[in-house]
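Read through the structure below, which is laid out as structure tokens, and then see the notes.
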Amino acid sequence: MTAPIIDIELSAPVNLRDLGGIPIEGGVLREGLALRADDLSVITDGDARLLVDNGLAAVIDLRTADEAVLTGRGPLANYAVAYHHLPLMESITAGMPDGGTPVIEHVAMGEMYARMVETAAPQLASALGIIALAPGATAFHCAAGRDRTGVLAAALLLALGAGDDAIVADYARTHPNMTAILKRLRPTMGALMARLGFDLDAMTAVTFSDEPMDISMLTMLARLRERHGDALAPLRAAGLGNGTITRLRERALA
């Protein structure tokens, strides 16, 4: 990847967590297989070194091309860590409200997640293959570590046989971190939005409804099952095979 086009202060991630400990089919997901995070391209070198020392072998970057070009790979590019860019959206502005009162409903977010699974099924299937075959831990991230990252986390947990309650609970763990996430995002997203002709202050005025955040993930799972029967059906059609799922489950319980 080309060098970043902006110079920003590096910072520690505020929404990084290991998925270890989540109940899955046959037991509990072990630590050291999969980590989900907010933007890993702007972490400090010390944090990058700590991740590598603790077994990080691969990074899956779910950001758009515009986001990825803006900051590059960051300090992790200096380490022997495989990098995979698998954008789940073409534009960072996809799904944003147009005009009117800027309120995002959690049901609408869930609908967007379901469409993301359907339109980016090949990328999600590839991501699960990477996690299955990586020689160590795989970290996946977008910008905030909530929406795109949450969709991949849900796909992984579905493949591992986790129940809906566990999938929704993991997704909802991001909610208390949102204030810190938005503060950390401001330098990079401000630069990107300016380049795309948007006012970041106006965009950050967008608020969420008072409904529980859980509704977004519950809606995604419901819509996928209504349309496909199996929530993983779009990924299976895109190439996710039983061999990959078996390998994931073996690694998850090892």
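The values are calculated or read from the model by the stated rules, or taken from the named source; none is laboratory data. If you're wondering where the values come from, they're calculated on a predicted model, not measured in any experiment. Positions of Cβ are generated from backbone atoms using ideal geometry, with glycine treated the same way; all protein chains shown enter the neighbour counts. Keep in mind that these areas ignore ligands, DNA and RNA; they rest on the heavy atoms of the full protein, side chains included. Shrake-Rupley method; radii C 1.70, N 1.55, O 1.52, S 1.80 Å.
Only one of (1) under 22 Å from ASP147 (Cα atoms); (2) crowded, with 16+ Cβ neighbours inside 10 Å; (3) modelled with pLDDT of 95 or more is not met by ALA12, so which one is it?
(2)
Taking the stated definitions as given, is ALA139 hydrophobic (A, V, I, L, M, F, W, C) and either open to solvent by 10 Å² or more (accessible area, probe 1.4 Å) or assigned to a helix (DSSP H, G or I) (or both)?
no
Give me a count of the residues in segment 159-178 that are open to solvent by 40 Å² or more (accessible area, probe 1.4 Å), of a type in the set (D, E, K, R) and in a helix (DSSP H, G or I).
So the answer is 2.
Got a number for residues in segment 80-89 being in contact with a Gly (Cβ under 9 Å, 6 or more places away or on another chain) and surrounded by fewer than 17 Cβ atoms within 10 Å (Cβ to Cβ)?
Matching residues across segment 80-89 total 0.
May I ask you to list the residues in segment 226-254 that are outside any helix (DSSP H, G or I), open to solvent by 40 Å² or more (accessible area, probe 1.4 Å) and closer than 26 Å to VAL28 by Cβ?
ASP230, ALA254
If only one of ASP45, ASP66, ASP38 is buried (at least 21 other Cβ atoms within 10 Å of the Cβ), among the acidic types (Asp, Glu) and in contact with a helix residue (DSSP H, G or I) (Cβ under 7 Å, 6 or more places away or on another chain), which one is it?
ASP38
Out of ALA114, ALA77, I need the residue that is open to solvent by less than 60 Å² (accessible area, probe 1.4 Å), out of contact with any Lys or Arg (no Cβ under 8 Å at 6 or more places or on another chain) and either of a type in the set (A, V, I, L, M, F, W, C) or at pLDDT 90 or above (or both). Which one?
Sole residue among the options that is open to solvent by less than 60 Å² (accessible area, probe 1.4 Å), out of contact with any Lys or Arg (no Cβ under 8 Å at 6 or more places or on another chain) and either of a type in the set (A, V, I, L, M, F, W, C) or at pLDDT 90 or above (or both): ALA77.
Return the residues of segment 117-133 that are open to solvent by less than 10 Å² (accessible area, probe 1.4 Å) and over 27 Å from ILE181 (Cα atoms); say none if nothing qualifies.
ALA132 - this is the single residue of segment 117-133 that is open to solvent by less than 10 Å² (accessible area, probe 1.4 Å) and over 27 Å from ILE181 (Cα atoms).
Of the residues that sit in segment 48-63 and are assigned to a helix (DSSP H, G or I) and farther than 19 Å from ASN15 by Cβ, which one is least open to solvent (accessible area, probe 1.4 Å)?
Among those that are assigned to a helix (DSSP H, G or I) and farther than 19 Å from ASN15 by Cβ, it is VAL52.
So ALA144 passes all but one of these: (1) touching a Cys at 6+ places or on another chain (Cβ under 8 Å); (2) in a loop (DSSP other than H, G, I, E, B). Which condition number does it fail?
That leaves (1) as the condition not met.
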